Amino acid sequence: MKLKPVPRIEINLDKIQHNAIVLKQLCEAKGVEVTGVVKGVCADLQIVNTLIQAGITRLAVSKIIHLEKLKKANINATTILLRTPGMSEIPNVVKYADISMNTELTIIRALSEEAIKQGKIHKIMIMVEMGDLREGVMPKDLPAFINEVIKLRGIEIVGLATNFACFGGVIPTEDKMREFSSLVQQIRQQFSLQLPIVSGGNSANIKWLMETKNIGVINDVRLGESILLGRETTKGEVIPKLYQDTFKFVAEVIEAKQKPSVPYGNRGKNGFGESIKFHEQGWINHILVGVGRQDVSVSGLTPTMPVKILGSTSDHIVLDGKKILFKPGDEITFIPNYGALLSIMTSPYIHKTYIEFKGSKHEKQNNVYSIYKQKIIPRH
Ligand SMILES: *Cc1c(COP(=O)(O)O)cnc(C)c1O
């Protein structure tokens, strides 16, 4: 028997592709393109390929190292840096990003100088603050800002963008979106700029996208979580027709014993400076799996079996196995949320494995994933 590596993340490429195709169709019906955001999976090239096969032509990340990875893999898509570049990153941004998002004149001036030096035109999108209070130029400052940027050689403004529900949790309502659209139109007219890309937000915009009767001038959204995990992000609601079990995190039981439910002895803080409350429930099925906080954001894991996560330390998750009789070597599977996915994909200690579906269309539609081949890609 060939043992599968643990801990591992099982990445279901077909389900991710399905999600991307459905979202793309939903957006295209409204004249909106999908930029695939792959920062949550560290620009994993298998996932990137899957998205490209789904017809996605723009890919966005937030780290230079991921831009470099995409460029070196020669992927057939436009690469976008989602985050405004740091001064220290300017040469590599010009080298590896087709487009970068920007909010600071000093940075754009540095990009301009660098682009001239590299003999390139660097494309930028300007991020506009619409109330969520992370990045963006305040709308009142936008005309003066653009007026400066258009003077710079080596820089082309290819669009305006805005972002919601990342920091302040501000929802892209019909009103907010209309406000952004009219701002874009005003800038287009004032400066006779084409601004071909108008990017209206992220996975928090799905509800608005599905419900709006007036898309305004928005023609792009940047989707990460909704493609990867099948959820919109204002309330974490499931998006109809999409899969949520695209990623499964599998860990191995390393100890299974009957133990009391409450620690005994004099108690202080634990290894993480916490004082955890325990509930007296007699003796329990006390289970340890061999992975912990160093590898995964444990609070973002949901077990697929009726067991309960009691807590975690650097290299262990402690569970109540309830009625299931586990033994060492058994596997416990969890569905990660976005935060957990982020940590798992970033951890060099978790094996990345890929599942591709070989069944018929019929089975696919009925959500019966019985026949699949599993490719285990070893990590270096
Ligand atoms: C992360 C990010 C996205 C994607 O967000 P999701 O909620 O994963 O769709 C889009 N735009 C910007 C600027 C981001 O930082």
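The values are calculated or read from the model by the stated rules, or taken from the named source; none is laboratory data. Given the structure is predicted, the values throughout are model-derived calculations rather than measurements. As a convention, Cβ positions derive from the backbone with ideal geometry for all residues, glycine included, and neighbour counts pool all protein chains shown. The protein model used for the area step is the full one, side chains on, heavy atoms only, and it has no ligands, DNA or RNA in it. Shrake-Rupley method; radii C 1.70, N 1.55, O 1.52, S 1.80 Å.
Here are some notes:
- Residue ID - nearest to ASN19 (Cα to Cα), chosen from residues in region 42-62 that are open to solvent by less than 20 Å² (accessible area, probe 1.4 Å), within 15 Å of the ligand (Cβ to nearest atom) and not in a helix (DSSP H, G or I): ILE56
- For region 146-184, residues that are part of a loop (DSSP other than H, G, I, E, B) and touching a Leu at 6+ places or on another chain (Cβ under 6 Å) total 2.
Per-residue answers, yes or no, for (1) of a type outside the set (Ser, Thr, Tyr); (2) open to solvent by less than 40 Å² (accessible area, probe 1.4 Å):
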{"position": "THR103", "(1), (2)": "no, yes"}
{"position": "MET130", "(1), (2)": "yes, yes"}
{"position": "LEU133", "(1), (2)": "yes, no"}
{"position": "LEU142", "(1), (2)": "yes, yes"}
{"position": "ARG153", "(1), (2)": "yes, no"}
{"position": "ALA161", "(1), (2)": "yes, yes"}
{"position": "GLU174", "(1), (2)": "yes, no"}
{"position": "ILE187", "(1), (2)": "yes, yes"}
{"position": "GLN190", "(1), (2)": "yes, no"}
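- Filtered residue count, region 243-285, keeping only those that are closer than 30 Å to GLY40 by Cβ, open to solvent by less than 60 Å² (accessible area, probe 1.4 Å) and assigned to a strand (DSSP E or B): 5
- When restricted to residues that are open to solvent by 10 Å² or more (accessible area, probe 1.4 Å), more than 13 Å from the ligand (Cβ to nearest atom) and either not small (Gly, Ala, Ser) or not assigned by TED's automatic domain parsing to the domain that holds TRP208 (or both), region 16-41 contains 10.
- Residue match in region 111-121 (condition: touching a helix residue (DSSP H, G or I) at 6+ places or on another chain (Cβ under 7 Å), at negative phi, open to solvent by 40 Å² or more (accessible area, probe 1.4 Å) and charged (D, E, K, R)): yes
- Condition check for GLU135 on (1) within 15 Å of ILE108 (Cα to Cα); (2) more than 16 Å from the ligand (Cβ to nearest atom): one failure, at (2).
- Residues (within 12 Å of GLU33 (Cα to Cα) and near the ligand (Cβ under 9 Å from one of its atoms)) located in region 214-230: VAL221, ARG222, LEU223
Here's the yes/no breakdown for (1) in the same structural domain as SER182 (by TED's automatic domain parsing); (2) free of Cβ contacts under 8 Å to residues at least 40 places away in the same chain:
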residue	(1), (2)
ARG222	yes, no
VAL238	no, yes
LYS241	no, no
GLU252	no, no
ALA256	no, no
GLY290	no, no
GLY300	no, no
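- If the condition is being assigned to a helix (DSSP H, G or I) and surrounded by fewer than 23 Cβ atoms within 10 Å (Cβ to Cβ), then region 201-220 contributes LYS207, TRP208, MET210, GLU211.
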